[in-house]
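Below is one structure, written out as structure tokens; the observations come after it.
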Amino acid sequence: MIHEQEVVHIGKLGKPHGVKGEITFTFTTDVWDRVDADYLVLMVDGILVPFFLEEYRFRGEHSALLKFLDIDSIEDVQEYAGAEVYFPLSLVPDDEDVDYTWAYFVGFRVHDAGAGELGEIVAVDESTMNVLFEVRTTRGNILVPAAEDFIREIDHENRIVRMDLPKGLLEI
């Protein structure tokens with residue numbers, strides 16, 4: 001079984017293309033092409049499932065047409081339209097820089113250098129210039145700035161964001 005901490009979100013499937021089982025794919029990073037991956041992972045009914053690639057071709061800087069193995073018709077591929085696409089972190093080379101989307105951090109725990117563990121990130125607000133983590137704490141949800149200046153470390157394996165928030169920020 002594939003667990004969410006073992007993958008990184010890289011995009012979303014769109015609509016079927018043609019009648020031979022191809023589907024559009026909009027991606028945020030092309031790491032899957034740079035490491036010549038045999039498969040991508042799709043979220044299907046709440047479960048992460050590997051789908052092996054038969055072939056693909058790029059349509060632009062952030063889109064491609066995918067053809068999965070044994071999916072050979074528009075009817076077969078239609079059920080995967082809109083599926084979220086992930087890539088196994090184990091296949092990303094250590095020196096490879098993956099562009100994570102903010103949604104990737106949902107489910108991470110937040111630890112502050114001064115206050116200790118704050119809670120779990122339940123949402124990310126990107127509606128303003130300053131991105132905010134919505135963190136569920138024992139006293140209710142709080143908003144924490146997701147500024148690079150405050151993030152000290154991201155522990156992907158244990159799904160922890162270690163921060164050093166300014167004094168007084170949590171009392172607001």
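The values are calculated or read from the model by the stated rules, or taken from the named source; none is laboratory data. Fair warning: this is a prediction, and the values are worked out from it, not measured in the lab. In this analysis, Cβ positions are derived from the backbone assuming ideal geometry, glycine residues included, and neighbour counts consider all displayed protein chains. Accessible surface is based on the protein model in full, side chains and every heavy atom, while ligands, DNA and RNA are left aside. Shrake-Rupley method; radii C 1.70, N 1.55, O 1.52, S 1.80 Å.
So, Asp164, is that one open to solvent by less than 90 Å² (accessible area, probe 1.4 Å), under 18 Å from Phe108 (Cα atoms), modelled with pLDDT under 90 and of a type in the set (Asp, Glu) or not? Criteria not met by Asp164. Kindly indicate whether any position in region 91-104 is under 18 Å from the mean Cα position of the chain (by Cα), part of a strand (DSSP E or B) and either at pLDDT below 85 or surrounded by 13 or more Cβ atoms within 10 Å (Cβ to Cβ) (or both). No.
Among the residues making up region 121-152, those that are open to solvent by 90 Å² or more (accessible area, probe 1.4 Å) and either within 14 Å of Phe108 (Cα to Cα) or touching a Lys or Arg at 6+ places or on another chain (Cβ under 6 Å) (or both) are Arg136, Arg152. Pairing each residue of region 16-40 that is without any contact (Cβ under 8 Å) to a residue 24 or more places away in the chain with any residue that is open to solvent by less than 50 Å² (accessible area, probe 1.4 Å) and β-branched (Val, Ile, Thr), provided the two are 6+ apart or on different chains, yields no C-beta distance under 7 Å. Within region 113-121, none of the residues are in contact with a strand residue (DSSP E or B) (Cβ under 8 Å, 6 or more places away or on another chain) and at pLDDT below 90.
Taking the stated definitions as given, is Ala81 assigned to a loop (DSSP other than H, G, I, E, B) and under 30 Å from Pro16 (Cβ atoms)? So Ala81 passes the test. The number of residues in region 6-36 that are under 11 Å from Leu65 (Cβ atoms), open to solvent by 40 Å² or more (accessible area, probe 1.4 Å) and touching a Leu at 6+ places or on another chain (Cβ under 7 Å) comes to 1. The sole residue among Phe52, Phe68, Phe87, Phe25 that is in contact with a helix residue (DSSP H, G or I) (Cβ under 7 Å, 6 or more places away or on another chain), at pLDDT 90 or above and under 29 Å from His156 (Cα atoms) is Phe87. Would you check if there is a residue in region 44-61 being in contact with a Phe, Trp or Tyr (Cβ under 6 Å, 6 or more places away or on another chain), in contact (Cβ under 8 Å) with a residue 12 or more places away in the chain and assigned to a helix (DSSP H, G or I)? No: zero hits.
Filtering region 105-114 to residues that are assigned to a strand (DSSP E or B) and open to solvent by less than 30 Å² (accessible area, probe 1.4 Å) leaves Val110, Asp112. Taken over region 115-157, the criterion of being part of a strand (DSSP E or B), of a type in the set (Asp, Glu) and free of Cβ contacts under 8 Å to residues at least 12 places away in the same chain is satisfied by Glu117, Glu153, Asp155.
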